[in-house]
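Undergrad: Below is the structure I would like to discuss, written out as structure tokens.
The values are calculated or read from the model by the stated rules, or taken from the named source; none is laboratory data. Being a predicted model, the structure only gives us computed values, none of them experimental. All Cβ positions, even for glycine, are placed from backbone atoms using ideal geometry, and neighbour counts span all protein chains on display.
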């Protein structure tokens with residue numbers, strides 16, 4: 001909000017009487033005058049969310065160049081250009097700019113989420129001005145306006161209710177509670193009452209599903225609960241992904257290594273100046289060696305591997321909006337999941353029926369003559385759309401859907417026995433009654449409602465069509481069954497009926513809802529998704545801890561968590577409510593966060609606290625959600641996962657990844673893909689760095705010994721051939737079989753964890769040793785005896801071929817860090833096979849194709865020389881396999 005705007009009142013209006021709230025806003029039940037409304041609009045501003053600061057396209061582009069690895073590459077490009085290697089400099093610059101463009105296109109910014117919040121606002125609202133009803137744009141509503149509400153309306157602002165007639169408001173997008181909230185005017189005493197329990201309030205962008213009401217506006221724009229969420233979104237810090245942190249660590253490591261190489265090489269060269277070489281020559285040699293150490297293709301390969309990962313995940317219904325999210329999933333320790341619509345289907349469903357003194361599952365058949373089935377369908381305000389979908393209160397649509405599932409179509413039944421009168425639901429008596437005319441001239445009275453209230457009005461009960469007098473034994477059975485169902489977190493409704501000869505003239509509860517015949521109880525719940533329990537089991541097996549966060553009541557949350565396997569039976573102390581969380585300091589909560597697996601009755605602020613508490617313990621946190629209330633936590637988490645079907649545009653805009661099928665198990669599929677991506681990036685890094693280390697050591701040792709083993713053009717071609725196709729193909733390796741049996745690698749791990757660093761070092765040394773061994777062999781056992789020029793040409797060519805070919809064989813070694821190549825499958829990855837073959841052809845062509853060998857200053861090799869090169873290069877395979885065998889023995 002602009003600084004010049006007048007501040008709005010911010011008080012716990014739910015703890016104040018309606019008339020007191022009206023006085024504070026200087027308004028009567030007739031509404032504001034037009035003049036006063038215009039004045040307040042000028043003072044407080046329009047009822048809309050602030051847009052916030054937007055980054056320009058150019059600034060987004062510049063942001064891509066803040067990574068240390070990119071800076072190192074740009075420096076390498078400058079050095080290469082200064083040394084006359086324009087081709088390599090151009091290649092590096094092209095790669096960097098392509099990555100920057102790709103990053104701008106791929107990443108979705110938080111401003112999209114705020115825009116989505118703005119777009120959710122209802123365009124018009126019914127209000128009272130000067131005692132007259134008026135339709136105005138929602139942006140023109142001001143604090144103090146009297147808003148008229150009825151079923152189907154979207155709440156235009158935050159209001160304190162002053163009238164509520166059977167009013168129900170669906171607040172799932174804001175609170176996460178799946179059932180519409182029944183509103184009342186009762187003043188609340190506790191200022192710490194959570195949003196979901198503020199029964200005398202209505203909040204912007206929630207939906208009126210039933211009844212009518214009137215409210216006085218107490219907050220508009222950024223001063224609403226939705227406005228608070230928009231502020232949290234704007235202020236939330238972008239969390240650095242583990243991938244970015246690892247690349248930064250790698251960049252720092254390479255920086256020190258490269259500087260060290262430059263200094264040592266220059267110092268040794270200066271100490272051994274000979275043959276007319278100057279300090280300038282040694283400086284250029286040192287810099288050349290340092291540039292050779294840079295895996296310039298790495299950032300591009302990482303980007304390609306991540307992009308290919310997004311395509312694979314998209315085919316499996318996980319749509320990635322930010323590239324690093326692919327890998328972040330693989331390092332996830334905690335999945336904080338919203339319950340409604342994510343772990344559950346977000347649809348009330350009949351689960352158990354108590355009829356004829358028997359509790360039965362909803363999956364069992366039921367007779368169309370069963371009175372409980374008839375009452376639940378007759379005493380119901382559900383409507384059918386033109387497409388046949390059910391419209392109405394979720395509890396009532398669940399009852400009708402149950403009937404349809406049992407082939408009982410209430411529409412056909414009501415054609416024969418139409419409704420002729422009713423007593424609407426009232427929150428005070430908690431009952432609803434409808435009256436239907438029968439073919440024999442009598443009338444059927446159907447009543448449903450709260451079991452304790454309905455029992456007070458029954459005098460008998462139905463047992464298989466036999467109506468018997470209600471007695472203490474039967475009443476105790478009904479109450480016990482009700483308690484049993486309620487403990488399973490089911491929402492229980494009771495059904496009763498009677499027959500009358502005529503419709504009473506006085507349609508009031510006292511006349512109609514008496515002397516009823518009890519027929520049964522119906523237990524409903526928003527059930528867990530069928531695949532969610534298995535997904536939770538797999539997640540636990542992979543060392544990932546699922547945490548449920550919901551706006552629903554404690555008992556409901558605990559019951560669903562037990563059914564999913566998030567909680568063990570009776571693990572009550574692992575459940576905490578938002579009110580209890582309010583009593584903890586951030587420090588205390590951070591210490592105890594690992595005690596809790598279920599959070600009930602929470603607000604958006606709580607969700608962010610939960611995510612941050614886990615992050616302070618060094619955990620990588622994924623947060624799933626579909627509501628507006630989830631957006632701040634989705635953005636704060638290491639990876640936010642939105643729901644594509646039930647999710648609001650706000651939650652999707654704040655997410656790193658969106659599930660196209662809203663299936664919790666898709667997250668586990670994505671985790672597996674993420675682990676595979678990280679493993680493949682690790683393999684690529686191991687491959688590139690060991691190869692580059694082999695090149696550096698080869699040149700370094702050769703320089704010390706005064707040998708001329710490789711020319712700059714040889715290094716460039718080997719890097720082009722071996723650093724590109726096989727490295728990219730390694731990124732397409734299928735997941736290793738035990739990838740989901742390993743524990744999460746955690747935030748503190750790096751690309752060098754799990755034995756990668758030691759492997760890079762010994763394998764780089766091994767490559768250099770073999771290459772120098774071949775060079776020495778060519779010098780000591782020359783084919784062209786006595787011809788020094790030819791001997792040197794052969795030795796240079798053989799060392800060039802060996803260093804290139806050994807890297808191609810070594811690519812097979814890194815298919816698994818410690819696992820045997822034969823168990824992984826040497827030829828499973830067809831793309832890899834073709835990549836190695838292509839690289840070999842390009843490498844060999846420089847030697848065997850006339851003209852090319854002159855360009856690369858190499859000689860033709862005979863069969864014996866090729867045999868030496870091939871045998872020496874191949875030797876890295878069995879040597880590394882033997883080392884890995886002993887590593888497995890030591891590690892496992």
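Undergrad: For the condition modelled with pLDDT of 70 or more and in contact with a helix residue (DSSP H, G or I) (Cβ under 7 Å, 6 or more places away or on another chain), what is the one hit in 45, 81?
TA: 45
Undergrad: In segment 575-588, how many residues are buried (at least 19 other Cβ atoms within 10 Å of the Cβ) and assigned to a helix (DSSP H, G or I)?
TA: The total comes to 2.
Undergrad: Could you please find all residues in segment 734-757 being free of Cβ contacts under 8 Å to residues at least 12 places away in the same chain and outside any loop (DSSP other than H, G, I, E, B)?
TA: Passing the criteria: only 757.
Undergrad: Can you tell me which residue among 694, 731 is touching a residue at least 24 places away in the same chain (Cβ under 8 Å), in the same structural domain as residue 791 (by TED's automatic domain parsing) and within 36 Å of the chain's Cα centre (by Cα)?
TA: 731
Undergrad: Looking only at segment 867-882, count how many residues are over 16 Å from residue 768 (Cβ atoms) and surrounded by fewer than 17 Cβ atoms within 10 Å (Cβ to Cβ).
TA: Residues in segment 867-882 being over 16 Å from residue 768 (Cβ atoms) and surrounded by fewer than 17 Cβ atoms within 10 Å (Cβ to Cβ): 8 in total.
Undergrad: Determine, yes or no, whether residue 417 is touching a strand residue (DSSP E or B) at 6+ places or on another chain (Cβ under 9 Å) and either assigned by TED's automatic domain parsing to the domain that holds residue 507 or exposed (fewer than 15 other Cβ atoms within 10 Å of the Cβ) (or both).
TA: Answer is yes for this residue.
Undergrad: For residue 389, all conditions in the list (1) without any contact (Cβ under 8 Å) to a residue 60 or more places away in the chain; (2) in the same structural domain as residue 543 (by TED's automatic domain parsing) hold save one; what is the number of the exception?
TA: Evaluating residue 389 over (1) without any contact (Cβ under 8 Å) to a residue 60 or more places away in the chain; (2) in the same structural domain as residue 543 (by TED's automatic domain parsing) leaves (2) as the failure.
Undergrad: Another question, if that's okay. List the number of the failed condition for residue 307; all other conditions in (1) over 30 Å from residue 564 (Cβ atoms); (2) free of Cβ contacts under 8 Å to residues at least 24 places away in the same chain hold.
TA: Of the numbered conditions (1) over 30 Å from residue 564 (Cβ atoms); (2) free of Cβ contacts under 8 Å to residues at least 24 places away in the same chain, the odd one out for residue 307 is (2).
Undergrad: Within segment 605-638, can you find the residues that are more than 16 Å from the chain's Cα centre (by Cα) and under 19 Å from residue 231 (Cα atoms)?
TA: 605, 606, 609
Undergrad: Which residue, of 840, 800, 832, is assigned to a helix (DSSP H, G or I), within 19 Å of residue 766 (Cβ to Cβ) and in the same structural domain as residue 702 (by TED's automatic domain parsing)?
TA: 800
Undergrad: Among the residues of segment 783-798, what is the count of those that are without any contact (Cβ under 8 Å) to a residue 40 or more places away in the chain and more than 18 Å from residue 706 (Cβ to Cβ)?
TA: Looking only at that region, the number is 4.
Undergrad: Within segment 554-577, which residues are modelled with pLDDT under 90 and under 17 Å from residue 607 (Cβ atoms)?
TA: 554, 557
Undergrad: Answer yes or no as to whether residue 191 is within 20 Å of residue 397 (Cα to Cα), at pLDDT 85 or above and surrounded by fewer than 18 Cβ atoms within 10 Å (Cβ to Cβ).
TA: No: the conditions fail for residue 191.
Residues checked against (1) farther than 30 Å from residue 59 by Cβ; (2) modelled with pLDDT under 65; (3) under 24 Å from the mean Cα position of the chain (by Cα); (4) not assigned by TED's automatic domain parsing to the domain that holds residue 656:
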{"position": "97", "(1), (2), (3), (4)": "no, no, no, yes"}
{"position": "101", "(1), (2), (3), (4)": "no, no, no, yes"}
{"position": "105", "(1), (2), (3), (4)": "no, yes, yes, yes"}
{"position": "108", "(1), (2), (3), (4)": "no, yes, yes, yes"}
{"position": "122", "(1), (2), (3), (4)": "yes, yes, no, yes"}
{"position": "126", "(1), (2), (3), (4)": "yes, no, no, yes"}
{"position": "130", "(1), (2), (3), (4)": "yes, no, no, yes"}
{"position": "140", "(1), (2), (3), (4)": "yes, no, no, yes"}
{"position": "143", "(1), (2), (3), (4)": "yes, no, no, yes"}
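Undergrad: Continuing with this model, one more query. From the list 877, 890, 855, 838, pick out the single residue that is at pLDDT below 90 and in contact with a helix residue (DSSP H, G or I) (Cβ under 9 Å, 6 or more places away or on another chain).
TA: So the residue among 877, 890, 855, 838 that is at pLDDT below 90 and in contact with a helix residue (DSSP H, G or I) (Cβ under 9 Å, 6 or more places away or on another chain) is 855.
Undergrad: If I ask for residues that are over 49 Å from the mean Cα position of the chain (by Cα) and part of a loop (DSSP other than H, G, I, E, B), which ones from segment 416-438 would you list?
TA: Answer for segment 416-438, where residues must be over 49 Å from the mean Cα position of the chain (by Cα) and part of a loop (DSSP other than H, G, I, E, B): 417, 438.
Undergrad: List the number of the failed condition for residue 735; all other conditions in (1) within 30 Å of residue 823 (Cα to Cα); (2) surrounded by 22 or more Cβ atoms within 10 Å (Cβ to Cβ); (3) touching a helix residue (DSSP H, G or I) at 6+ places or on another chain (Cβ under 7 Å) hold.
TA: Among (1) within 30 Å of residue 823 (Cα to Cα); (2) surrounded by 22 or more Cβ atoms within 10 Å (Cβ to Cβ); (3) touching a helix residue (DSSP H, G or I) at 6+ places or on another chain (Cβ under 7 Å), the lone unmet condition for residue 735 is (2).
Undergrad: Moving to a separate point now. Can you name every residue in segment 369-381 that is over 14 Å from residue 412 (Cα atoms) and either buried (at least 23 other Cβ atoms within 10 Å of the Cβ) or in contact with a strand residue (DSSP E or B) (Cβ under 7 Å, 6 or more places away or on another chain) (or both)?
TA: Those that are over 14 Å from residue 412 (Cα atoms) and either buried (at least 23 other Cβ atoms within 10 Å of the Cβ) or in contact with a strand residue (DSSP E or B) (Cβ under 7 Å, 6 or more places away or on another chain) (or both): 370, 371, 372, 373, 375, 376, 379, 380.
Listed here are the residues, each with its yes/no results for (1) without any contact (Cβ under 8 Å) to a residue 40 or more places away in the chain; (2) out of contact with any helix residue (DSSP H, G or I) (no Cβ under 6 Å at 6 or more places or on another chain); (3) surrounded by fewer than 24 Cβ atoms within 10 Å (Cβ to Cβ).
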{"residue": "311", "(1), (2), (3)": "yes, yes, yes"}
{"residue": "318", "(1), (2), (3)": "no, no, no"}
{"residue": "321", "(1), (2), (3)": "no, yes, yes"}
{"residue": "333", "(1), (2), (3)": "no, yes, yes"}
{"residue": "341", "(1), (2), (3)": "no, yes, no"}
{"residue": "354", "(1), (2), (3)": "no, no, no"}
{"residue": "357", "(1), (2), (3)": "no, yes, yes"}
{"residue": "360", "(1), (2), (3)": "yes, yes, yes"}
{"residue": "367", "(1), (2), (3)": "yes, yes, yes"}
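Undergrad: Considering 867, 811, which residue is touching a helix residue (DSSP H, G or I) at 6+ places or on another chain (Cβ under 8 Å) and in a helix (DSSP H, G or I)?
TA: 811
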